[in-house]
């Protein structure tokens, strides 16, 4: 899919593209390609002289391949964007940016929420975008805001887990659910931290390359400050995740210890009756109670008394709670 945007009065207006002729008539500021086919790749190459990277090239994470300037002067960037899905684990999608011919070309495999937000805001805020570099900076700024919203969602989810862990009667089934939720939020928090690190590197590269004017440079510095503030939030969430993980595992150990304590008390309580039964079960010929009429009731009573006495002692000491 190819989405083309032209700049009109500081607003990004999307133009429907159905053929190559439609694309040739436009002077776009942003050409966004979502999982493009061979035909769409050919249009971009023949009209603008830009060769789009393959899928394997987009996913190349070597530092030398993520930010570089081609021999023809085109600037290539690879930046990660977060895709936090409602169902299933969150993912990080790598987007290939090419800055050429005063146009921003972007290519990715999935439709990203950050891109949708940028398109919506550009239409509702006239004058916020003046050229293709403003579009790129707006994408990075929106990515930081989207990550901040995702961090708020993690905090709310951890608050629910915290209430569950600290409630009375925390069972092993509750612990399993809590561990699953904690693991999910830890994974998302780690992806957000990685995403912010990659965005910081991309913005820093643009600033070092002296590609931005004074106003854009100030905006880039503000993006870096926003990302720096998010680092503290991710570190706090990691600490909270570790605390909840330790607390959950601790409650699991307590529940297991309760079970072990029951078996220990039962084994100690039934040890005296077992000893008595073993004594009267010996096959010696001469036993004093062997011919006694009340021998059997006496042995049964003695075993019951020897079992009840330890239970009464344990209960008085509070060991059965």
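The values are calculated or read from the model by the stated rules, or taken from the named source; none is laboratory data. The model shown is predicted, which means the values in this text are computed figures rather than measured ones. Note: ideal-geometry Cβ built from the backbone for every residue, glycine included; neighbour counts use all protein chains shown.
Residue check: is residue 254 within 30 Å of residue 161 (Cβ to Cβ) and exposed (fewer than 15 other Cβ atoms within 10 Å of the Cβ)? In short, yes. Based on what the data block shows, is residue 103 within 31 Å of the chain's Cα centre (by Cα), assigned by TED's automatic domain parsing to the domain that holds residue 203, surrounded by 17 or more Cβ atoms within 10 Å (Cβ to Cβ) and at pLDDT 80 or above? Considered against the rule, which asks whether it is within 31 Å of the chain's Cα centre (by Cα), assigned by TED's automatic domain parsing to the domain that holds residue 203, surrounded by 17 or more Cβ atoms within 10 Å (Cβ to Cβ) and at pLDDT 80 or above, residue 103 comes out as no. In a residue-by-residue description of region 284-295, the property of being loosely packed, with under 14 Cβ neighbours inside 10 Å, over 30 Å from residue 187 (Cα atoms) and in contact with a helix residue (DSSP H, G or I) (Cβ under 7 Å, 6 or more places away or on another chain) applies to at least one position. Of the residues examined, residue 194 is one that is surrounded by fewer than 16 Cβ atoms within 10 Å (Cβ to Cβ) and under 20 Å from residue 78 (Cα atoms).
Any idea which residue in region 41-55 is surrounded by the most Cβ atoms within 10 Å (Cβ to Cβ), counting only those that are more than 38 Å from the chain's Cα centre (by Cα) and not in a loop (DSSP other than H, G, I, E, B)? That would be 48. Residues of region 106-118 that are in contact with a helix residue (DSSP H, G or I) (Cβ under 8 Å, 6 or more places away or on another chain), surrounded by fewer than 20 Cβ atoms within 10 Å (Cβ to Cβ) and not in a loop (DSSP other than H, G, I, E, B): 113, 117. Apart from one condition, residue 313 fits all of (1) surrounded by 12 or more Cβ atoms within 10 Å (Cβ to Cβ); (2) modelled with pLDDT of 80 or more; (3) farther than 30 Å from residue 169 by Cβ; the exception is (3). Being assigned to a helix (DSSP H, G or I) and closer than 22 Å to residue 183 by Cβ is a property that does not hold for residue 301. Annotation: residue 170 fulfils all but one of (1) surrounded by 15 or more Cβ atoms within 10 Å (Cβ to Cβ); (2) more than 12 Å from the chain's Cα centre (by Cα); (3) part of a helix (DSSP H, G or I); the unmet one is (3).
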